[in-house]
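**Student:** Here it is: the structure, laid out below.
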Amino acid sequence: MKISIEWLRDYVDINESPEKLKEDLSMAGLLVEGLTEIHGNAVLEVEVTSNRPDCLSQIGVAREVAALYRRPLRLPPVQEQLWISQERVPYDVEINDPDLCPRYVAVVIDGITVGPSPQWMQRRLEAAGMRPLNNVVDITNYVLIEMGHPLHAFDFDVLRRGKIVVARALQGDVMRTLDGVDRTLDGEMLMINDGEGPVAIAGVMGGLHSEISTSTSRVLIESAYFQPASIRRTSKKLGLSTEASYRFERGADWDNTIRAAARACRLIEELAGGRIAGSIKDVYPGRKDPVRILLHRRNVSALLGVEVAAEFIESTLQRLDFRLEKKGEDAWQVTCPTYRADMELEADLIEEVARFYGYQNIPVTLPPSKTPGVHSPVYVIENRVRDILAGQGYSEAVNLSFASDADHTEFTPLEGERVAVSNPLTEDTRFMRTTVTPGLLRSARRNFNYGQRRVWLFEIGKVYAAGPDAIPVEHTTLGVLGTGSVAERNWISPAESYTYFHLKGTLSALFQGLRIDSFGFEPTDRVAWLNPADATLITIGEEAVGVCGSLAPAIEEKYKLKQPVYVAEIDFERISHHAFPPVQYRSLPKYPAVERDISIVVSRELPYKKICEGIRGLGISELLELELVDVYEGDKIPPGKVSLSLRLKFLDRERTLTVDRVQGFIDTVTSYLINNHNAGLRSI
C-alpha cells in the first residue's frame, strides 16, 4: 500500500521527517518497507498484513499516526443531505442473497459532466499506483484510497428498468467485464444485476456495458458490504484481482457504506457538477453489531509480562476509537470499531496495548518452569540413529513429502493406499509420499550430475497412507542409500565398491547401537522395485520392519544411475518399540572360551540363516558365538555347491572346557549338518 505523506497531512498534523515517520510506524507494528518520492512528494510503502484491512487507506494510516503521536484526526467533508423530498430519478434496490451481501447502499446523481479530474487528484492517484481515467471514475478510486471502502459508478441510463438486483449468477452465464474479457460465471458468484441481467461482478469488477463514458450524465453510486469469503472465491475462480476485491476479501467496514457514498457525492458535486437526483437507499436486511470483548487488566499484564497501568490501557484504546465501559475494578467492556475486522479475542485488544506500549520496552524473560525439560523418547531414538549413521559416513537428506503418480506406481508400498492432495501445486506433488526411496534416488542422481559418485545418504521422514474410513495417517520411516566406493582409492589399495553386504553391515551396526538383538534378514520376492537377486526382508523377531537390497534394473535404467545403488527402507516406529531394552549385566567369565573352525560344502541355494538357526537349535548352551569367516567357490568345489568356513566359540562359566567336551560339541554340529543339509566336510 502506497501512502502519500502530503495526502496524509489532510487528516493529521505531521511534523516528523519521512524517515522518522517510517521508523515510528514500523515500531508500532505497521511495517513500512520503503520510502520513495513521486511527483516530489514522499510516499511510504506500507506492508499491510491480511488482518488489518483498515490500514489499506490514507485515513486508516492517518488514524494510526494520530494515535501514535496523540494528535487529533480530521475526517474529510461529506455530503450531509443524501435524500431529497421529490426524486427526479426513481429507482429500486433489491438484495436476493443477503448471506453474501448483508448491506447495499446506492444513490443516483444527475447533471454530471464527465471530463478529466483536477491535477491534484490525478497526482494523488498516481502516487497510490492508480491510473486516472475521468473525474467520476477517479472520484470512486480516490474515495477507495482515502477511506478504504470500494465504490462503483454505473451509467444509470443503461441500467434496464432503473433497478439494481443483488443475486447469485446463473450457472454458465457470460458477462464482459471492464477489461474487455468475457467471464464465464457459476452459481456461487455474487452479481450486481439491473432489471434484466448482470452488470457487474460484485466486489470485483464492473461490466463493460454500464461503464462511465463521456456521454454519461446520470450515475448510480454503489457502496456495499460483501461477504469476504465470497469475494475471495470469485476472485480466485476468475483469476481476477482488483483494488476493490483486495479490500473486500479482507473485510471492509459494513458501517462505512453511507459515509463513503456521502464522500463521493460531495466530490462529484464539486468536481463534476452533479447533484442528488435519487435519494440514498440503504438496504440492510440483517443488522450487524460491533464486536464486544471483555478486557481484564490482569490478563494484559500476564500476557505481556509487564505491569501496564489502567490509565494507559484506557487512553490507548480510546485513541484507536474503541469505546470502553468500566466493569469492576480493573476490567472493561470494549466495543470495537466496525472497521477493525481483526478484533475477535481479548488477546487482540492486548496486542493493541502492546503495540503502543512498545515491544522494545517489554523485557525479555524466560517462562517459569516447575520441572526440568526432558527429551521425548522419539527425539532420543532419532538422534541415536543419526549419530550411528553419521558415524559410519552417511549424510542426512531432507526431501519433500509430496510425490508424483510415478513414485507410487514404481515404488508400491507393501501396505496402504496413497493419499491425494486436494489442491496440488504441480503434477509432481499430486500425492503424499508412501516411501522415502524416490527422494533419496533423486538426491543421489543430483550428486552424480555434479560428478560425486560416492553417495551415502539417510533420511528420517514421514510417509502417508489412507487409514480406516479413508482418513490419512502418517508414519515415520528411515531410508538408507549407499553407492560408489567404500573408501577412497590410494597407492596401497584400490577402491572397494559398495555392495549389498556393506548395506547389511550398516543396518546390523544400527540395530546393535539401538540394543536390538533379534534382528534378521530373509530373502523376499514381495518388493517389485528391488533386484530379486538380493531383495531382503528385515525382521525383528517374527515382525517384518523393512526391506533392503539393490534397485531393480528397470528402476536403475529409468533414473539413469549408471552404477549399482543399494537402498533400505525401515518402519521407524516399529523398530522404536524394540529399541533400548533394559540392560542386563553379567560378570566377566572366570574360564577361557574355546574356538573351533569347521569347513563344510553345502548347496549354494541353502540360506546361511537356516544353517545358523539349525545349529543354535541344537541346545548347546555353551555355544557363545557362531560366525561365518569364509566363503569359497572354485577348484575342487562341485558345481552348485559352496564352501563355508564357520567359527564356533564355546564358553562354560562354571568350569574349564575340556578337549573332549569341545569335540563332542563339534561332532554334534557336524552330524546335524551332514544329516539335515547333506553337508560334506573339508579339511581346513
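**Student:** Have a look at PRO116, PRO98, PRO76, PRO132 and point out the one that is in contact with a Leu (Cβ under 8 Å, 6 or more places away or on another chain), part of a loop (DSSP other than H, G, I, E, B) and not assigned by TED's automatic domain parsing to the domain that holds ARG340.
**Tutor:** None of the others qualify; the one that does is PRO132.
**Student:** If you scan segment 107-124, which residues turn out to be buried (at least 22 other Cβ atoms within 10 Å of the Cβ) and within 14 Å of GLU146 (Cβ to Cβ)?
**Tutor:** Across segment 107-124, the qualifying residues are SER117, ARG124.
**Student:** Checking the conditions here, which among ALA568, ALA544, ALA554 is in contact with a Cys (Cβ under 9 Å, 6 or more places away or on another chain) and among the small types (Gly, Ala, Ser)?
**Tutor:** ALA568
**Student:** If ALA42 satisfies all but one of (1) on the phi < 0 side of the Ramachandran plot; (2) part of a loop (DSSP other than H, G, I, E, B), what's the number of the condition it fails?
**Tutor:** (2)
**Student:** Hey, another quick one. Among what's in segment 454-498 and is touching a strand residue (DSSP E or B) at 6+ places or on another chain (Cβ under 6 Å) and of a type in the set (Lys, Arg), pick the residue that is farthest from ALA397 (Cα to Cα).
**Tutor:** ARG454
**Student:** Additional query: I'd like the residue in segment 366-387 that is hydroxyl-bearing (Ser, Thr, Tyr) and part of a loop (DSSP other than H, G, I, E, B) and, out of all such residues, is nearest to ARG442 (Cα to Cα).
**Tutor:** Among those residues, the one meeting the criterion is SER376.
**Student:** Looking at LEU481 and the list (1) outside any strand (DSSP E or B); (2) surrounded by 19 or more Cβ atoms within 10 Å (Cβ to Cβ), which single condition is not satisfied?
**Tutor:** Checking LEU481 against (1) outside any strand (DSSP E or B); (2) surrounded by 19 or more Cβ atoms within 10 Å (Cβ to Cβ), the one that fails is (1).
**Student:** Kindly check whether there is at least one residue in segment 492-503 that is surrounded by 12 or more Cβ atoms within 10 Å (Cβ to Cβ), within 24 Å of PRO553 (Cβ to Cβ), assigned by TED's automatic domain parsing to the domain that holds GLU417 and hydrophobic (A, V, I, L, M, F, W, C).
**Tutor:** Within segment 492-503 (the criterion being surrounded by 12 or more Cβ atoms within 10 Å (Cβ to Cβ), within 24 Å of PRO553 (Cβ to Cβ), assigned by TED's automatic domain parsing to the domain that holds GLU417 and hydrophobic (A, V, I, L, M, F, W, C)), the answer is yes, since at least one residue qualifies.
**Student:** Please state which one of VAL527, VAL463 is of a type in the set (Val, Ile, Thr) and not in a loop (DSSP other than H, G, I, E, B).
**Tutor:** Of the residues listed, the single one that is of a type in the set (Val, Ile, Thr) and not in a loop (DSSP other than H, G, I, E, B) is VAL463.
**Student:** Looking only at segment 17-28, which residues are surrounded by 16 or more Cβ atoms within 10 Å (Cβ to Cβ) and not in a helix (DSSP H, G or I)?
**Tutor:** ALA28
**Student:** Mind checking whether some residue in segment 216-236 is surrounded by fewer than 20 Cβ atoms within 10 Å (Cβ to Cβ) and of a type in the set (Ser, Thr, Tyr)?
**Tutor:** yes
**Student:** Residues that are under 17 Å from GLY273 (Cβ atoms), part of a loop (DSSP other than H, G, I, E, B) and not small (Gly, Ala, Ser): does segment 139-158 have at least one?
**Tutor:** No.
**Student:** Is there a residue being assigned to a loop (DSSP other than H, G, I, E, B), of a type in the set (A, V, I, L, M, F, W, C), free of Cβ contacts under 8 Å to residues at least 12 places away in the same chain and not assigned by TED's automatic domain parsing to the domain that holds LYS462 anywhere in segment 593-611?
**Tutor:** no
**Student:** I need a count of the residues in segment 388-416 that are of a type outside the set (A, V, I, L, M, F, W, C), part of a helix (DSSP H, G or I) and either touching a residue at least 12 places away in the same chain (Cβ under 8 Å) or closer than 21 Å to THR434 by Cβ (or both).
**Tutor:** Going through segment 388-416 one residue at a time, the tally reaches 5.
**Student:** Could you check segment 640-684 and list, in sequence order, the residues that are over 60 Å from the mean Cα position of the chain (by Cα) and in a loop (DSSP other than H, G, I, E, B)?
**Tutor:** Once the filter is applied, which keeps residues that are over 60 Å from the mean Cα position of the chain (by Cα) and in a loop (DSSP other than H, G, I, E, B), segment 640-684 yields ASP652, ARG653, GLU654, ARG655, THR656, LEU657, THR658, ASN678, ALA679, SER683, ILE684.
**Student:** Would you mention how many residues in segment 163-181 are β-branched (Val, Ile, Thr) and surrounded by 18 or more Cβ atoms within 10 Å (Cβ to Cβ)?
**Tutor:** The qualifying residues number 4.
**Student:** Now for a different question. I'm trying to understand the selection: among the residues of segment 193-243, which are of a type in the set (Val, Ile, Thr) and within 22 Å of VAL105 (Cβ to Cβ)?
**Tutor:** Once the filter is applied, which keeps residues that are of a type in the set (Val, Ile, Thr) and within 22 Å of VAL105 (Cβ to Cβ), segment 193-243 yields VAL199, ILE201, VAL204, ILE212, THR216, VAL219, ILE221, ILE231, THR234, THR242.
**Student:** Somewhere in segment 560-575, is a residue more than 33 Å from the chain's Cα centre (by Cα), under 19 Å from GLY505 (Cα atoms), in the same structural domain as THR539 (by TED's automatic domain parsing) and not hydrophobic (A, V, I, L, M, F, W, C)?
**Tutor:** Looking through segment 560-575, at least one residue is more than 33 Å from the chain's Cα centre (by Cα), under 19 Å from GLY505 (Cα atoms), in the same structural domain as THR539 (by TED's automatic domain parsing) and not hydrophobic (A, V, I, L, M, F, W, C).
The values are calculated or read from the model by the stated rules, or taken from the named source; none is laboratory data. Everything numeric in this text was worked out from a predicted model, so none of it was measured. Please note: Cβ atoms are built from the backbone with ideal geometry, for glycine as well, and neighbour counts cover all protein chains shown.
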